[in-house]
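Each remark here refers to the structure printed beneath this line.
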Amino acid sequence: MNNLLIAAIFLFVAHIITWIQLNGQFKWEWFKEHEGWVVLLFAVPVAWLFINYQKFAYLAFDGSLWSLRLMGFSGGIIVFFVMTWLLMGELPSVKNLICLILACFIIGIQTLLK
């Protein structure tokens, strides 16, 4: 498996868990009532996933921190769209949909124009 694919897996899993950690309070009562447990259960795995994303993305992008940051930002936007739509039933407005499309373009630019 190449570094970019490994990085992408770490990134998307980290963003999925982060979405659950931050937005679970709006979906599940347990998250709202147990903030301390949410922090303890999610913080270390999320940090580990993001650190490993950085490591593999840094290698994949030949040491370009800008590329891995833009990829991380755009990946977060895409995960947020999917998770919010699937779990909350909330679709983006036209302006947010345009930003989602731009995020996809950013990922394409960063991965195809190395």
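Consider Lys32 against the criteria (1) in a helix (DSSP H, G or I); (2) charged (D, E, K, R); (3) more than 26 Å from Leu91 (Cβ to Cβ): it satisfies all of them except one. Which criterion is unmet?
Checking Lys32 against (1) in a helix (DSSP H, G or I); (2) charged (D, E, K, R); (3) more than 26 Å from Leu91 (Cβ to Cβ), the one that fails is (3).
May I ask you to list the residues in the range 43-84 that are over 14 Å from the mean Cα position of the chain (by Cα) and either over 18 Å from Asn3 (Cα atoms) or of a type in the set (Gly, Ala, Ser) (or both)?
The answer is Ala43, Val44, Ala60, Gly63, Ser64, Ser67.
Looking at the range 30-48, can you tell me whether even one residue there is in contact (Cβ under 8 Å) with a residue 60 or more places away in the chain and not acidic (Asp, Glu)?
no
For Gln25, indicate whether it is touching an Asp or Glu at 6+ places or on another chain (Cβ under 9 Å) and more than 28 Å from Asn2 (Cβ to Cβ). Full working, then the answer.
Working: touching an Asp or Glu at 6+ places or on another chain (Cβ under 9 Å): yes; more than 28 Å from Asn2 (Cβ to Cβ): yes.
Against the criterion (touching an Asp or Glu at 6+ places or on another chain (Cβ under 9 Å) and more than 28 Å from Asn2 (Cβ to Cβ)), Gln25 qualifies.
Condition (residue is under 16 Å from the mean Cα position of the chain (by Cα), on the phi < 0 side of the Ramachandran plot and among the hydrophobic types (A, V, I, L, M, F, W, C)) applied to the range 87-97: is it met by at least one residue?
Yes, because at least one residue in the range 87-97 is under 16 Å from the mean Cα position of the chain (by Cα), on the phi < 0 side of the Ramachandran plot and among the hydrophobic types (A, V, I, L, M, F, W, C).
I'd like the residue in the range 57-86 that is farther than 20 Å from Leu22 by Cβ and of a type in the set (Gly, Ala, Ser) and, out of all such residues, is surrounded by the most Cβ atoms within 10 Å (Cβ to Cβ).
Going through the qualifying residues, I end up with Ala57.
For the range 29-40, what are the residues that are under 11 Å from Thr18 (Cα atoms) and loosely packed, with under 13 Cβ neighbours inside 10 Å? Break it down into steps so the answer makes sense when it comes.
Taking the range 29-40 first, the residues under 11 Å from Thr18 (Cα atoms) are 38-39.
Hit for the range 29-40 is Val39, nothing else.
If Val79 passes every condition in (1) of a type in the set (A, V, I, L, M); (2) closer than 13 Å to Ala8 by Cβ; (3) free of Cβ contacts under 8 Å to residues at least 60 places away in the same chain but one, which one does it miss?
The one condition Val79 does not meet is (3).
Residues of the range 14-30 being charged (D, E, K, R) and in contact with a helix residue (DSSP H, G or I) (Cβ under 7 Å, 6 or more places away or on another chain), which ones?
Result: Lys27, single match.
Report, by residue number, each residue of the range 11-51 that is of a type in the set (Phe, Trp, Tyr) and either modelled with pLDDT under 95 or closer than 26 Å to Arg69 by Cβ (or both).
Residues satisfying the conditions are Phe12, Trp19, Phe42, Trp48, Phe50.
Search the range 88-114 for residues that are farther than 22 Å from Ala57 by Cα and pair each with any residue that is surrounded by 11 or more Cβ atoms within 10 Å (Cβ to Cβ) and of a type outside the set (Phe, Trp, Tyr) when their beta-carbon atoms are under 6 Å apart and the residues are at least 6 apart or on different chains.
Here the result reads Glu90/Thr84, each pair linking the range 88-114 to a residue that is surrounded by 11 or more Cβ atoms within 10 Å (Cβ to Cβ) and of a type outside the set (Phe, Trp, Tyr).
Among the residues of the range 58-72, is any outside any helix (DSSP H, G or I) and small (Gly, Ala, Ser)?
yes
The values are calculated or read from the model by the stated rules, or taken from the named source; none is laboratory data. Values in this document were obtained by computation on a predicted structure and should not be read as measured data. All Cβ positions, glycine included, derive from the backbone under ideal geometry; neighbour counts span all protein chains shown.
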